[in-house]
1. Compute the accessible area per residue over the chain, keeping the other protein chains in place, probe 1.4 Å, unit Å².
2. Just the number, please: Stokes-Einstein D of the chain in µm²/s, Kirkwood Rh from C-alpha pairs, 20 °C, 1.002 mPa s.
3. If I stretch the segment between Glu46 and Val69 completely, what's the gain in nm (0.36 nm per residue apart, minus their alpha carbon distance), one decimal?
4. Quick check for me: using +1 on Lys/Arg Cβ and -1 on Asp/Glu Cβ, what's the dipole size of the chain about its Cα centre, in debye to the nearest 20?
5. So, with a 1.4 angstrom probe, what is the percent of accessible area on the chain that is carbon and sulfur?
6. Evaluate the relative contact order of segment 1-76 (contact order divided by residue number), counting alpha-carbon pairs under 8 angstrom at least 6 apart; express in whole percent.
7. Length gain on complete extension for the stretch Leu24 to Ser9, per 0.36 nm per residue less the alpha carbon to alpha carbon distance?
Amino acid sequence: MTDFLAVVSDTHGQVQFARCAVRLLEPFQPCCLIHCGDIGSPAIPEVFAGFDAHYVLGNVDHYDEPELVAAIADAGQK
C-alpha cells in the first residue's frame, strides 16, 4: 500500500469503464478509493472490491439507494 488516494465519480453504472479505471489505478496501489457519487448500479461496488473503497451517494443513486447500500456492504466496503 502507498499513500496514494484514488478518487472516482460518475460511473453511472458503466461497468466496462469502471473496470478500465481499476486497471489504471492498480499499479499505484492506492490506500483508499473514494467514489464521489452517481454510482448508478449495484454492479459497480464489486468492480472496486479490490480497493478499500468508500462511497458517497449522488443524485442518481437515490433511486436505487437500498440496493446500492446493500451492494456496497456485500463488497465489504463503506
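1. 58
2. Working: Rh = 12.1 Å.
Here the translational diffusion coefficient equals 176 µm²/s.
3. Stretched out fully, the Glu46 to Val69 stretch lengthens by 7.1 nm.
4. 240
5. On the way: 2600 of 4560 Å².
The computed percentage sits at 57.
6. 32
7. That pair, Leu24 and Ser9, stretches by 3.9 nm at full extension.
The values are calculated or read from the model by the stated rules, or taken from the named source; none is laboratory data. On a predicted model such as this, the values are computed, not experimentally measured, just so you know. Glycine gets a Cβ as well: all are built from the backbone with ideal geometry, and neighbour counts include every protein chain shown. Calculation scope for accessible area: heavy atoms of the full protein, side chains included, ligands and nucleic acids excluded. Shrake-Rupley method; radii C 1.70, N 1.55, O 1.52, S 1.80 Å.
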